[in-house]
Amino acid sequence: MSKLNNITGIIFDYGGTIDSNGLHWAEVIWEAYETFLVPVSKNDFREAYVYGERTLAKNPLIKPNHTFKDMLRIKIDIQIQWLHANKKLPENYISEDISAAIAGWCYAFAAKTTTKAKETIAKLATVYPIVLVSNFYGNIEAVLRDFGLKDYFQTIIESAVVGVRKPDPQIFRLGVEQLQMDPQNIVVIGDSYDKDIVPSAKLGCKTIWIKNIGWEEYSGNESADIIITDFTELEQYLLE
């Protein structure tokens, strides 16, 4: 095991990193669809997922006070409505009931995962200043409060607020500026190789990639300073 040397600050991604242990959220939601035997193919689900994300990017349906459970319900409602509209689900399928069930299952998953991650973040926060940099919908502070995470972050930089989205390195530059450190003394921790690891490395930051199932298959040529498969492994590399 090789520890990272001279690290004095941390930038965390949120979604997919802290709340799902590196697993892309499409995979989490798909597991819920399977759990409740929703009769759709994975390809149709992925189309519905993309449609939902684009809809939320264009329309301010998620409000700053919305919790993660609120946000999930909105997302799933959009997906189920799209599946109905495009005849991917039987007409008599009860979208309201299934949306609530899927959202509840996903929220329970996130609550369990963030509770475990919180233990590691709390330890890191006693040693390092931590900044959060996230592509989110304008409600990240409500989500962090809901899971008891907000106080661990010195600053929160959210794409919907600052007007810059990953993979633009500028959003990570904002995090670097908040830490007021040389990029080489900062480690960026994220689950997305393209959106977290590549842009932050361009700034000169060190990188830790939490590698799990992503949206696309990996090429095999991806690299980071450290690659882990479980959030708790951070303690091995960043704590004495």
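Near Trp82, within a Cβ-to-Cβ distance under 12 Å, what is the net charge of the other residues, with Lys and Arg +1 and Asp and Glu -1? All intermediate terms of the calculation are to be shown ahead of the outcome.
On the way: positive: Arg46, Arg54, Lys75, Lys87, Lys88; negative: Asp44, Glu47, Glu53, Asp77.
Residues close to Trp82 contribute a combined charge of +1.
For the chain, the longest principal axis of the alpha carbon atoms and the long axis of helix 68-85 meet at an angle near 40°.
For Arg54 and Val162 in the same chain, what is the full-extension length gain: residue separation times 0.36 nm, less their Cα-Cα distance, in nm?
Values: separation 108, 0.36 × 108 = 38.88 nm, distance 1.86 nm.
Gain in length upon complete extension: 37.0 nm.
Close amide H contacts of Gly9 (hydrogens built in the peptide plane, cut-off under 5 Å, sequence separation of 5 or more or a different chain): Val187.
Near Ile157, the amide H atoms lying under 5 Å from its own belong to Leu132, Val133, Ser134; only residues 5 or more places off or on other chains count, and H is placed 1.01 Å from N. Compute the long axis of helix 42-58 from its Cα atoms, compare it with the longest principal axis of the Cα atoms of the chain, and write down the angle in degrees, 0 to 90, nearest 10. The helix 42-58 is inclined about 70 degrees to the chain. Each 5 Å bin, from zero up to the one with the longest distance, holds this percent of the alpha carbon pairs of the chain: 1, 6, 14, 18, 19, 16, 11, 7, 4, 2, 1, 0. Charge dipole of segment 1-65 (Cα centre as origin; +1 on each Lys and Arg Cβ, -1 on each Asp and Glu Cβ, all else neutral): 260 debye, rounded to the nearest 20. With K and R counted +1 and D and E -1, the other residues having a Cβ less than 15 Å from that of Tyr152 yield a net charge of -2. Label Lys116 and Tyr218 with points 7 Å out from Cα along Cα→Cβ: what is the distance between them in nm? Calculated label separation equals 1.8 nm. The charge dipole of the chain, taken about its Cα centre with unit charges on the Cβ atoms of Lys, Arg (+1), Asp and Glu (-1) only, comes to about 380 debye.
Rounded if a/c is under 1.5, else prolate if a/b beats b/c, else oblate: with a ≥ b ≥ c from the C-alpha gyration tensor eigenvalues square-rooted, which is segment 7-128?
On the way: a/c = 2.43, a/b = 2.06, b/c = 1.18.
Cα axes put segment 7-128 in the prolate bin.
Ranked from largest, the principal axis spans of the Cα set of segment 179-238 equal 35, 25, 16 Å. Considering only the other residues whose Cβ falls under 13 Å of the Cβ of Val164, what net charge follows from Lys and Arg at +1 and Asp and Glu at -1? My count for the surroundings of Val164 gives +1.
Please work out whether segment 135-240 counts as rounded, prolate or oblate from its C-alpha gyration tensor, where a ≥ b ≥ c are the square roots of the eigenvalues and a/c under 1.5 means rounded, while otherwise a/b larger than b/c means prolate and anything else oblate?
In terms of gyration-tensor shape, rounded.
Simple point charges give the picture: +1 on the Cβ of Lys and Arg, -1 on the Cβ of Asp and Glu, and for segment 140-201 a dipole about the Cα centre of about 80 debye.
Exposure proxy ranking for Asp168, Asp70, based on other Cβ atoms within 10 angstrom of each Cβ and starting from the fewest, stands as Asp168, Asp70. Helix 95-125: angle to the longest alpha-carbon principal axis of the chain, degrees 0 to 90, nearest 10? Compared with the principal axis, the helix lies near 10 degrees.
Listed by Cβ neighbour count within 10 Å, with the fewest neighbours leading, Arg165, Arg145 appear as Arg145, Arg165.
Close Lys pairs in segment 9-145 (alpha-carbon distance under 22 Å; sequence gap of 8 or more, or different chains): 13.
Measuring r between the beta carbons of Gln180 and Asn86 and using R0 = 45 Å, the FRET efficiency lands at 0.35. Rounded to the nearest whole Hz, the Karplus-based 3J(HN,Hα) values (6.51 cos²θ - 1.76 cosθ + 1.60, θ = phi - 60°) of segment 140-149 follow the sequence 4, 5, 5, 5, 5, 4, 4, 9, x, 10, with x at glycine and proline.
Every read-out reported here was derived from the displayed coordinates using simple, explicitly stated rules and does not represent laboratory data. Computed from a predicted model, the values in this text were never measured in an experiment. No Cβ is skipped: glycine too gets one built from the backbone with ideal geometry, and neighbour counts run over all protein chains shown.
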